[in-house]
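Asker: Next up is a structure, given as structure tokens.
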Amino acid sequence: MVAPAPKSLIVGYLLWFFFGLIGVHRFYTGRWVTGIVWLLTGGLLGLGWLFDAVWTFVMVRDPK
């Protein structure tokens, strides 16, 4: 089995900042289910976007 390529923290935060309300940063880190939830709810009405300001670091360091 091939190991996934490491994700860039800078790319993760850029995706979060510019496209976080539609969940692009979650798709980038392999979290498809929550990415779809973010896409359909606008980042949980914006509150999830704020939560992900910190959580993006964890998602990039531990991609699925």
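Every number in this text was worked out from the coordinates using simple rules, so none of it is lab data. None of the values given here were measured: they were computed from a predicted structure. Positions of Cβ are backbone-derived with ideal geometry, glycine not excepted, and every protein chain shown enters the neighbour counts.
Asker: Taking G42 as the residue in question, decide whether it is surrounded by fewer than 17 Cβ atoms within 10 Å (Cβ to Cβ), in contact with a helix residue (DSSP H, G or I) (Cβ under 6 Å, 6 or more places away or on another chain) and at positive phi.
Answerer: Here the answer is yes, as G42 does meet what is asked.
Residue-by-condition table, conditions (1) of a type in the set (S, T, N, Q); (2) in contact with a helix residue (DSSP H, G or I) (Cβ under 9 Å, 6 or more places away or on another chain); (3) crowded, with 17+ Cβ neighbours inside 10 Å:
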| position | (1), (2), (3) |
| --- | --- |
| A3 | no, no, no |
| F17 | no, yes, no |
| V33 | no, yes, no |
| L47 | no, no, no |
| D52 | no, yes, yes |
| P63 | no, yes, no |
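Asker: Of everything in the stretch 1-55, what is of a type outside the set (S, T, Y) and assigned to a loop (DSSP other than H, G, I, E, B)? Give them in sequence order.
Answerer: Once the filter is applied, which keeps residues that are of a type outside the set (S, T, Y) and assigned to a loop (DSSP other than H, G, I, E, B), the stretch 1-55 yields M1, V2, A3, P4, A5, P6, K7, G23, G30, R31, G46.
Asker: Looking at this structure, is R26 charged (D, E, K, R), in contact with a Gly (Cβ under 6 Å, 6 or more places away or on another chain) and surrounded by 15 or more Cβ atoms within 10 Å (Cβ to Cβ)?
Answerer: yes
Asker: May I ask you to list pairs of residues, at least six apart or on different chains, whose Cβ atoms are under 8 Å apart, with the first in the stretch 48-64 being more than 18 Å from I22 (Cα to Cα) and the second being hydroxyl-bearing (S, T, Y) and surrounded by 12 or more Cβ atoms within 10 Å (Cβ to Cβ)?
Answerer: Pairs that qualify, where the first residue is more than 18 Å from I22 (Cα to Cα) and the partner is hydroxyl-bearing (S, T, Y) and surrounded by 12 or more Cβ atoms within 10 Å (Cβ to Cβ), are P63/T29; K64/T29.
Asker: What are the residues in the stretch 29-40 that are without any contact (Cβ under 8 Å) to a residue 24 or more places away in the chain and either in contact with a Cys (Cβ under 9 Å, 6 or more places away or on another chain) or hydroxyl-bearing (S, T, Y) (or both), if any?
Answerer: T34
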